[in-house]
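Taking it in order: structure first as structure tokens, then the write-up.
Derivation of every value follows stated rules applied to the coordinates shown; laboratory data play no part. None of the values given here were measured: they were computed from a predicted structure. Glycine gets a Cβ as well: all are built from the backbone with ideal geometry, and neighbour counts include every protein chain shown.
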Amino acid sequence: MRAWLMESYEGVDKLRLTEVPDPQPGPGEVQLEMHLAGLNPADAFLALAQYPAKPALPHILGRDGVGTVRVVGAGVTNVQPGDAVGILRCDAGVEIWGTLAGKTVVPAASLAPVPAGWTQEQMAGAPLVFLTAWQALAQWGELPREGQVVLVTGASGGVGVASVLLAKSLGATVVGLSRNPEKSETVRQLGADFVFDPADPALRKKVMAAIAPRKVDFVVDSVAGPLFSQIIAMLGYGGRISVVGRSAGTVPDFNTATLFFRRNRIGGVSVGDYTPEGAQSAWTEIVRRLDAMDRRPVVDQVFPFEDVKQAFARLAEGPMGKVLVKVS
């Protein structure tokens, strides 16, 4: 089969398209013939050894995707050859070979059918970002509710779009942050009540005026950097920040005293903490909520399999939704 091999930790620019043997499933596993693969920032970080996992080389990246079941291993009963399925969270693309290949092997317990009314493209890039967004919103023991304010940084990215949609499904007031005017308008169309430019010197003043007399209750942050301290300043009593990423780098001059008197909390998000059963349960709830709102995951662009490096370049630019690769 054709596959994009990662043979060093020198970044996605060093990936090489070549032929490798087809992987074979073991007990409880399934071989998929891949149709589409979804890219995630974590793929690029792993290729630079900036991710907790460090798989043996050569490796194949790609954590999301849709394919057709071709071979099932011993004990598999939930899918059969010919089924079109998507991959929920598992070790594919992390510790084992992933979806940037003609075929891949994944645990059967981590597969889900393409939801009714969804395209394969919508399914291909959705699970990882929506499961991440759901964990970010749910990890504090209570979900946002009507009357509360959820602020989403990087609102036009994969996790950002998912967070906006899921927060709206919960009845929250959603504030999105996006630097691009065109993307900001799309975020509004997705349901955000307010969208602001994070580079605006008057950002804090404008956000607080828009949501007054309330303050921010929940934050899904994938940016960090200098913006982080401004985000903390917008929190109300008991406000919580779920940290998903750090695209703007480290947080300078962070003063922990800003957390004290409003009992603010900051917590990291790790989609790897989902068990197969937990991922299936969360995914069922996510699909139910999206269907109830008549919303679907947002696809930015689909690239040919030969153009994986260009697809990663698009991902680095900051897409509006998900970047996909058409494998077959």
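Can you give me the pair-distance distribution of the chain, C-alpha pairs, 10 Å bins, whole percents?
Answer for the chain: a P(r) of 6, 27, 33, 22, 9, 2, 0 percent.
Distance from the Cα centre of segment 208-249 to that of segment 1-57, in angstrom?
What the calculation gives is 34 Å, centre to centre.
Please label the shape of segment 128-268 as rounded, prolate or oblate, based on the square roots a ≥ b ≥ c of the eigenvalues of the alpha-carbon gyration tensor (a/c under 1.5 means rounded; beyond that, a/b larger than b/c means prolate, else oblate). Write down the numbers at each step before the final one.
Numbers: a/c = 1.24, a/b = 1.13, b/c = 1.10.
Rounded.
Under the 0.36 nm per residue contour assumption, what length would be gained going from the current alpha-carbon distance of residue 316 and residue 257 to full extension? It would help to have the intermediate numbers written out before the result.
Numbers: separation 59, 0.36 × 59 = 21.24 nm, distance 3.42 nm.
Result for the pair: 17.8 nm of gain on full extension.
Quick one: grab the alpha carbon gyration tensor of segment 161-208, order the square roots of its eigenvalues as a ≥ b ≥ c, and give me rounded if a/c is under 1.5, else prolate or oblate depending on whether a/b is larger than b/c. Before the final figure, lay out each step's value.
Numbers: a/c = 2.68, a/b = 1.46, b/c = 1.83.
It comes out oblate by the Cα gyration axes.
Of 64, 217, 200, which is the most mobile in a GNM of the chain whose springs link Cα atoms less than 10 angstrom apart?
Among 64, 217, 200, the largest mean-square fluctuation in the Gaussian network model of the chain belongs to 200.
Send over the per residue convex hull volume for segment 167-245, Cα only, as a whole number of Å³.
Per residue, the Cα convex hull of segment 167-245 comes to 98 Å³.
Could you give the dipole magnitude of segment 1-120 about its Cα centre, charging the beta-carbon of Lys and Arg +1 and that of Asp and Glu -1, in debye to the nearest 20?
Details: 8 positive and 12 negative charges, 12 e Å.
Here segment 1-120 has a charge dipole of around 60 debye.
Most fluctuating residue of 255, 40, 180 in a GNM of the chain with Cα springs under 10 Å: which is it?
255
Would you mind working out the magnitude of the charge dipole of the chain relative to its Cα centre, with +1 at each Lys and Arg C-beta and -1 at each Asp and Glu C-beta, to the nearest 20 Debye?
On the way: 31 positive and 32 negative charges, 210 e Å.
That gives a dipole near 1000 debye.
Taking Cα pairs under 8 Å and at least six residues apart, what relative contact order does segment 128-268 come out at, in percent? If you can, show how the numbers build up before the last one.
Working: 284 pairs, mean separation 29.9, N = 141.
Result for segment 128-268 is 21 percent.
So what is the 222 nm mean residue ellipticity for the chain from helices alone, if each DSSP H run of at least 4 adds -39500 (n - 2.57) and you divide by all residues, rounding to the nearest 500 deg cm²/dmol?
Working: 9 runs with 90 residues, N = 328.
My calculation for the chain gives -8000 deg cm²/dmol from helical runs alone.
Within segment 226-294, report the chymotrypsin sites (Phe, Trp or Tyr not before Pro) that DSSP leaves as loop and that have at most 16 other Cβ atoms within 10 Å.
Numbers: sites: 228, 237, 254, 260, 261, 274, 283; in loops: 254, 260, 261, 274.
Answer by residue number: 254, 260, 261.
Sort 17-29, 185-197 by the packing proxy (mean of other Cβ within 10 Å over each peptide's residues), most packed first. Each step should come with its number before you reach the end.
Details: 17-29: 14.0, 185-197: 18.4.
Highest to lowest by the protection proxy: 185-197, 17-29.
Give the peptides 247-253, 293-299 in descending order of average Cβ contacts within 10 Å, highest first. Walk me through the numbers before you get to the answer.
Numbers: 247-253: 12.3, 293-299: 17.4.
Highest mean packing first, the order is 293-299, 247-253.
Below 13 angstrom from the Cβ of residue 55, what's the summed charge of the other residues (Lys, Arg +1; Asp, Glu -1)?
Numbers: positive: 54, 63; negative: 7, 43, 91, 95.
Here the count lands on -2.
First check a/c for segment 53-173, with a ≥ b ≥ c the square roots of the eigenvalues of its C-alpha gyration tensor; if it is under 1.5, answer rounded, and if not, answer prolate when a/b is larger than b/c or oblate otherwise. Walk me through the numbers on the way to the answer.
Values: a/c = 2.34, a/b = 1.79, b/c = 1.31.
Prolate, because a/c is 1.5 or more and a/b exceeds b/c.
Considering only DSSP beta bridges with both partners in the chain, what is the antiparallel share in %, to the nearest 5? Write down the numbers at each step before the final one.
On the way: 29 of 54 bridges.
Rounded to the nearest five, the antiparallel share is 55 percent.
Considering the dipole of the chain built from charges on the beta carbon (Lys and Arg +1, Asp and Glu -1) around the Cα centre, which of 304, 239, 276 is farthest to its positive end?
The listed residue farthest towards the positive side: 239.
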